[in-house]
1. Residue by residue through the stretch 63-98, note down the ones that are part of a helix (DSSP H, G or I) and closer than 17 Å to residue 117 by Cβ.
2. Please go through the stretch 148-170 and give me each residue that is modelled with pLDDT of 95 or more and touching a strand residue (DSSP E or B) at 6+ places or on another chain (Cβ under 6 Å), ordered by number.
3. Name the residues in the stretch 193-209 that are on the phi < 0 side of the Ramachandran plot and in contact with a strand residue (DSSP E or B) (Cβ under 6 Å, 6 or more places away or on another chain), would you?
4. Would you check if there is a residue in the stretch 235-256 being surrounded by fewer than 24 Cβ atoms within 10 Å (Cβ to Cβ) and under 22 Å from residue 159 (Cβ atoms)?
5. Pick from 195, 136: which is loosely packed, with under 15 Cβ neighbours inside 10 Å, under 19 Å from residue 333 (Cβ atoms) and out of contact with any helix residue (DSSP H, G or I) (no Cβ under 6 Å at 6 or more places or on another chain)?
6. Report, by residue number, each residue of the stretch 260-271 that is touching a helix residue (DSSP H, G or I) at 6+ places or on another chain (Cβ under 6 Å) and buried (at least 24 other Cβ atoms within 10 Å of the Cβ).
7. Are any residues in the stretch 1-40 modelled with pLDDT of 95 or more, assigned to a loop (DSSP other than H, G, I, E, B) and in contact with a helix residue (DSSP H, G or I) (Cβ under 9 Å, 6 or more places away or on another chain), and if so, which ones?
8. What pairs can you find where one residue is in the stretch 70-93 and within 14 Å of residue 153 (Cα to Cα) and not assigned by TED's automatic domain parsing to the domain that holds residue 238, the other is modelled with pLDDT under 95 and part of a loop (DSSP other than H, G, I, E, B), and their Cβ atoms are less than 6 Å apart, with a gap of 6+ or different chains?
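The values are calculated or read from the model by the stated rules, or taken from the named source; none is laboratory data. Here the structure is a predicted model, which means the values were calculated and not measured. Here Cβ is always computed from backbone atoms with ideal geometry, including for glycine, and neighbour counts include all displayed protein chains.
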């Protein structure tokens, strides 16, 4: 069982999941639900999946696993994770999403949802403890399962119907980079209903791992070319399972996910914002809400949102630097009611970015520029073993002199933050943040500076310094 829990569920190489590991964890989840009274025999558990080649096989194995614990698997097909979560939560039922999100096709994963939403770290521990005793399943299930694919999509589209229609999107020409995202079909429907002209671009029958937080140079060039050639007011997309957005302005520039989250919070008039320490440091200055900082990962953001709810907040917005936005309450915006959805979603930030700019009479680029956030950049070192990246961060975090020596070529260290990884503020207020990925063998590198050139140079310099250290 080499696959393990990260920031977004169980993740691993395909072979580490299809060998029975995914099924064992699904069965452990079902057993945990029954042991804690969150489900009983005969209850439905909804199964969704992304477009990876391995997802149908893993879904079938997981269906057999939950059947072995006397739960009834219901096939929801290829749907966005937030759509599956919304559908299941409304029925007070659990759900499993077979997805590796944005990571390459040779990897996959499973996300777990209780009847009240995402599992937390205590649930993860319970599932991991039970999994070794939940092996040995025989034939996969699948035949005869009820299918709720169209219902799941219809309810997700309906969530935005009144809200999106009031955003003034009529007349906008918006590109949609479809690739292999489970969100593409509902996004077309939602944007069309809101009055936008949608130009569908780049559909793919094979899985394309689009990372909306560390956008590749190839993807940037592709979407920038489409914006220019198709004369678009903007372009949108999402990652594989549709919980992280990609928004490109009319100049072809990819917008930062934390800027999108801030736009949502401002448009919804949030009184509490919960976001990880990796999100832009200028957020506190650009919204009226109380801002709570957390570790990276939706379980931590959700825990912060629950804490805000207990202290009386009534318009709670959570988001991550990848742009996925969560809402903790039902919210009224004019005549529209937006249902709560405490799991990452790509559609809300896409709609809010387009709508906020339109209502202000601005282009997307002008609206984001008006936020006046420090310029942030991010990248990753791929194929960097987790143990190796953790060792580096631990070494630098535990020895201030070693930390100062490591960063000396980049600047003088003035402050460190160990909330999640190592976040270093240099003498001229530039920021470098090193964080081992929780779901892939990668080192994430974040930077902030006064301008884009400096921020990108800081990323390059930090990656070079890590290479020298590890060489």
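1. Step one: list which residues in the stretch 63-98 are part of a helix (DSSP H, G or I), which gives 63-68, 81-90.
Once the filter is applied, which keeps residues that are part of a helix (DSSP H, G or I) and closer than 17 Å to residue 117 by Cβ, the stretch 63-98 yields 81, 82, 83, 84, 85, 86, 87, 88, 89, 90.
2. Within the stretch 148-170, 148, 149, 152 qualify.
3. Those that are on the phi < 0 side of the Ramachandran plot and in contact with a strand residue (DSSP E or B) (Cβ under 6 Å, 6 or more places away or on another chain): 196, 197, 198, 199, 200, 201, 203, 204, 208.
4. no
5. Exactly one of 195, 136 is loosely packed, with under 15 Cβ neighbours inside 10 Å, under 19 Å from residue 333 (Cβ atoms) and out of contact with any helix residue (DSSP H, G or I) (no Cβ under 6 Å at 6 or more places or on another chain), namely 195.
6. Here is the first cut: in the stretch 260-271, the residues touching a helix residue (DSSP H, G or I) at 6+ places or on another chain (Cβ under 6 Å) are 260, 262-264, 267.
Once the filter is applied, which keeps residues that are touching a helix residue (DSSP H, G or I) at 6+ places or on another chain (Cβ under 6 Å) and buried (at least 24 other Cβ atoms within 10 Å of the Cβ), the stretch 260-271 yields 260, 262, 263, 264.
7. Of everything in the stretch 1-40, those that are modelled with pLDDT of 95 or more, assigned to a loop (DSSP other than H, G, I, E, B) and in contact with a helix residue (DSSP H, G or I) (Cβ under 9 Å, 6 or more places away or on another chain) turn out to be 36, 38, 39, 40.
8. 75/145
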